[in-house]
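Some notes on the structure that comes next.
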Amino acid sequence: MADQPTALTEEPGAPEDDGRGRIVVGVSGSLGSLAALHRAVAEARRTDAEVLAVHCWTPVGGEFGYRRSPCPPLLSACRDAAATRLREALDQAFGGARPGARVRAVAVRGETGQALVRCADRPDDLLVLGAGPRGLLARTLRPSITAYCVRHAACPVLAVPKPPLQRELEAMERRPRTRLTVTV
């Protein structure tokens with residue numbers, strides 16, 4: 001299996017289907033998305049599939065705000081920031097080393113759930129996402145991208161649980177802090 005360098009493009013396009021399959025993975029840079037990326041690469045090594053690492057972005061103020069007040073330089077800056085964030089996430093995930101699978105990285109403009117479902121449009125694709133338990137407040141303020149993708153994707157969806165390190169960090173944050181008092 002040839003190990004190809006990661007190429008960053010702005011839109012996924014439609015590469016020819018070489019019959020080896022494709023694994024689409026959402027990459028935001030969070031620990032959960034990095035765990036999903038590692039799982040996608042491991043699956044790609046096993047099946048000789050291509051990994052399509054997707055970072056979704058929207059203009060500042062959202063699509064509606066941009067349509068009301070278009071600003072091409074701001075849009076260009078948002079696109080560049082998304083590409084930079086994706087590159088940094090890939091570097092962070094693999095430490096600058098080659099992942100051992102064919103990886104293509106794309107920064108896609110659009111709401112995350114909808115854009116991921118659009119990218120994973122083949123029935124034989126596999127959509128891999130970071131997932132984990134979310135509190136009531138988080139679900140209320142921001143609906144689950146994983147749940148959206150499970151409901152709307154035309155392919156199987158694999159939800160990768162939070163990595164143990166992230167669970168431990170969150171547990172430490174929830175613990176009440178004790179004050180250390182020193183008497184002299």
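The values are calculated or read from the model by the stated rules, or taken from the named source; none is laboratory data. Please read all numbers here as calculations on a predicted model, not as lab measurements. All Cβ positions, glycine included, derive from the backbone under ideal geometry; neighbour counts span all protein chains shown. Each accessible area value is taken on the protein alone, full model and side chains, heavy atoms only, with ligands, DNA and RNA left out. Shrake-Rupley method; radii C 1.70, N 1.55, O 1.52, S 1.80 Å.
Here are the numbers for the structure shown:
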{"quantity": "Selection count, segment 148-167, where residues are open to solvent by 90 Å² or more (accessible area, probe 1.4 Å) and modelled with pLDDT under 80", "calculated": "2"}
{"quantity": "Filtered residue count, segment 40-64, keeping only those that are within 16 Å of the chain's Cα centre (by Cα) and free of Cβ contacts under 8 Å to residues at least 12 places away in the same chain", "calculated": "1"}
{"quantity": "Identity of the residue in segment 60-118, touching a strand residue (DSSP E or B) at 6+ places or on another chain (Cβ under 8 Å) and of a type in the set (Val, Ile, Thr), that ends up nearest to residue 149 (Cα to Cα)", "calculated": "117"}
{"quantity": "Cβ pairs under 9 Å, 6+ apart, first in segment 77-91 and closer than 11 Å to residue 28 by Cα, second at pLDDT 95 or above and in a helix (DSSP H, G or I)", "calculated": "89/37; 90/37"}
